[in-house]
Amino acid sequence: MKKSILPIICIVFSLLIFSCGKPTPVSRQEIAFGTVCSITLYEKNAEKVLEQCFLRLQELDDIFNVNEEESDINLINKMAGLAPATVSKEAIFVLKQAKEFAKLTNGNFDPTIGPLVKVWNINGKNPKVPNQSKIDKARALVNFENLILNENTNTAYIEKDMSLDVGGIAKGFAADEMVKILSENDITYGIINLGGNIFAYGTKNTEKKGESWNIGIKNPINPEFGSAFSVKVKNKTVVTSGNYERFFEENGVRYHHIIDVKDGYPCQNGIVSFTIIGDSSLMADALSTSCFILGKEKGIELLESLGIQGFCVTSDKKVYATKDLEANLVILDDSFSF
């Protein structure tokens, strides 16, 4: 059995940013949501804004981190089958959005996936393939329809033995909250990177005004090789879900963290990564997971129906993109092809 040896600082994206103007960028990074989060601003006297951003980021981590004993998500899980839990308005908002994406994707995205996440223990010290009976028992508890929200009282309720896990959407919400802070403080441009959830805020302030950011996307087959693709974006988020991020191997099979609730196993459909480019990082976060599970045809079809750009990479190094993205998507590694 072999666990992923990628260090936590090795993120989904590498940034191909070339800035030749002034002022000197100001950066800060901290651990939040179990990963390295960094923000770089290209403004004078940006330290106060960075402080505001990271204080807010810690607040959100305290709300959504399932590994934090006193988080709102854990409070709901502890109260499962007993009574509705009173939580923050942020928790209610994200859970409401999660239910909407669950409906949109016919349950392929489901915030009540907690029992399956626990059974597989991908992030644990010694993960192994659970027996079928445990998988079946956990899968029977996954049903977003049984998550009851009350926006008037800020309460959430799930049935006995159910549990929530919002790892597929919470970082996206946090990135959107960072964007809100930058906008409120009249920041012109910068890069938000929450463990691979990228938001390229504004446009690059170079001699060519309004120039796009050039965002590199990691090679999903050989992540240690760096970027295999790049996209040009202006004021957009870029989020990727991949089977190389968190996984273990057993008997020559890779078991990764993207679990298909339909059978209870890590998704094995030939997709190795799915990238979403959009205006909302919350939406891109949820869709990158959902589309990965849906597969190349249904995933691309869903994105095009929503008017959102994205592309996926299959294990045979083929690239499938929405029609409006191909012109802006550059393949840097010629072993991949459209």
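The values are calculated or read from the model by the stated rules, or taken from the named source; none is laboratory data. All of these numbers come straight from a predicted model, not from anything done at the bench. Note that we place each Cβ from the backbone using ideal geometry, even for glycine, and neighbour counts take in every protein chain shown. These area figures cover heavy atoms from the full protein model, side chains too; ligands, DNA and RNA do not enter into them. Shrake-Rupley method; radii C 1.70, N 1.55, O 1.52, S 1.80 Å.
Things worth noting here:
- With θ taken as phi - 60° and the Karplus curve 6.51 cos²θ - 1.76 cosθ + 1.60 applied, the whole-hertz 3J(HN,Hα) list for the range 292-308 is 4, 6, 5, x, 5, 5, 5, x, 5, 4, 4, 4, 5, 5, 8, x, 10 Hz, x standing for glycine and proline.
- Peptides ranked, highest mean first, by Cβ atoms within 10 Å: ranges 279-290, 82-93, 55-66: 279-290, 55-66, 82-93
- Rolling a 1.4 Å probe over the protein heavy atoms leaves Arg254 with an accessible area of roughly 80 Å².
- Largest-first ordering by accessible area, 1.4 Å probe, given options Thr322, Thr24: Thr24, Thr322
- Comparing Cα centroids, the range 296-338 and the range 31-110 end up 29 angstrom apart.
- Annotation: the range 192-274 has a Kirkwood hydrodynamic radius of 14.8 angstrom, from the mean reciprocal C-alpha pair distance.
- Share of pairwise Cα-Cα distances greater than 34 Å in the chain is 22 percent (whole percent).
- Shape call, the range 42-88: gyration tensor on alpha carbons, a/c limit 1.5: prolate
- Remark: the range 139-291 is approximated by an ellipsoid whose semi-axes, taken from the C-alpha gyration tensor as √(5λ), come to 31, 24, 10 Å, largest first.
- Additional length obtainable on full extension of the chain from Glu100 to Glu326, 0.36 nm per residue less Cα span: 78.5 nm
- Above-threshold pairs, the threshold being 30 Å between Cα atoms, out of Lys103/Lys134; Lys128/Lys232; Lys204/Lys298; Lys78/Lys137; Lys78/Lys298: Lys128/Lys232; Lys204/Lys298; Lys78/Lys298
- Accessible area of the chain belonging to carbon and sulfur atoms, whole % at 1.4 Å probe: 49
- Solvent-accessible area per residue, Å², over the range 40-143 with all protein chains present [probe radius 1.4 Å]: 51
- Ratio of the Cα radius of gyration of the range 228-338 to 2.2 N^0.38 Å, where N counts its residues: 1.04
- The eigenvalues of the Cα gyration tensor, multiplied by 5 and square-rooted, give the range 57-186 an equivalent ellipsoid with semi-axes of 26, 17, 14 Å from largest to smallest.
- Global geometry of the range 141-223, whether rounded, prolate or oblate, following the gyration tensor of its Cα atoms and the 1.5 cut on a/c: oblate
- Computed label-point distance, nm, for sites Asn146 and Lys318 using a 7 Å Cα→Cβ extension: 3.9
- Per-q log10 I(q)/I(0), the range 236-276, q = 0.16, 0.21, 0.26 Å⁻¹ (Debye; single scatterer per alpha-carbon; no solvent): -0.43, -0.69, -0.95
- Rounded if a/c under 1.5, otherwise prolate or oblate - the range 81-125, Cα gyration tensor axes: oblate
- For Glu100, solvent-accessible area (1.4 Å; no DNA, RNA or ligand), Å²: 90
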